[in-house]
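*Asks:* My structure is below; once you've seen it, I'll send some questions.
The values are calculated or read from the model by the stated rules, or taken from the named source; none is laboratory data. Quick caveat, the model's predicted, so the values are computed rather than measured. Here the Cβ positions follow ideal geometry from the backbone for every residue, glycine too, while neighbour counts run over all protein chains shown. All accessible areas refer to the heavy atoms of the entire protein, side chains included, with ligands and DNA or RNA removed. Shrake-Rupley method; radii C 1.70, N 1.55, O 1.52, S 1.80 Å.
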Amino acid sequence: MFYPAYVVLLLLHTIYGTVQAASQFWKKLLSALQRMNFERSKADACLYFCWMSHGLVIYISWVDDLLCCGKEEDVKEAKAALFDEFDCDDVGALKEYVGCKIDRSKNSMRITQLVLIQSFMD
């Protein structure tokens, strides 16, 4: 039975306060993910993906937070590779990520922005 694994990583060392902090971190993150054989999505600059031994693994970035999704074995491998690149914290499985609700089922994950959807309906 397939249960997707989800991991969010929190950086322990930051360069907040500098003018180019966000840009420099993004360049370092992009370089690290490329070394890990992840490709950046052409549709969304914050989405990175890689086909691994058990299937597709994706990283979704938001400033200095990352959400990793895929089969548990592959997520553990991708997380270990990222830990080799950065000093991070694993904050575990999520029900919400940067204002989005995360619903998991046996073979899928749905990320929705309920507040945004409600504003469109209103």
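*Asks:* Those residues that are assigned to a strand (DSSP E or B), among the charged types (D, E, K, R) and open to solvent by 50 Å² or more (accessible area, probe 1.4 Å), I need them from region 62-74; list them, please.
*Replies:* Lys71
*Asks:* Please determine whether any residue of region 96-118 is among the small types (Gly, Ala, Ser) and modelled with pLDDT of 90 or more.
*Replies:* no
*Asks:* While we're here: Against the conditions (1) at pLDDT 90 or above; (2) under 19 Å from Ile111 (Cα atoms); (3) surrounded by 16 or more Cβ atoms within 10 Å (Cβ to Cβ); (4) not acidic (Asp, Glu), where does Phe38 fall short? Just the number, please.
*Replies:* In the conditions (1) at pLDDT 90 or above; (2) under 19 Å from Ile111 (Cα atoms); (3) surrounded by 16 or more Cβ atoms within 10 Å (Cβ to Cβ); (4) not acidic (Asp, Glu), Phe38 misses (2) alone.
*Asks:* Let me ask another. Every residue in region 75-122 that is more than 27 Å from Gln24 (Cβ to Cβ), free of Cβ contacts under 8 Å to residues at least 60 places away in the same chain and open to solvent by less than 50 Å² (accessible area, probe 1.4 Å), please.
*Replies:* Thr112 - this is the single residue of region 75-122 that is more than 27 Å from Gln24 (Cβ to Cβ), free of Cβ contacts under 8 Å to residues at least 60 places away in the same chain and open to solvent by less than 50 Å² (accessible area, probe 1.4 Å).
*Asks:* Further, regarding this structure: Mind checking which residues of region 30-55 are closer than 12 Å to Gly70 by Cβ and either β-branched (Val, Ile, Thr) or in contact with a Leu (Cβ under 8 Å, 6 or more places away or on another chain) (or both)?
*Replies:* Tyr48, Phe49, Cys50
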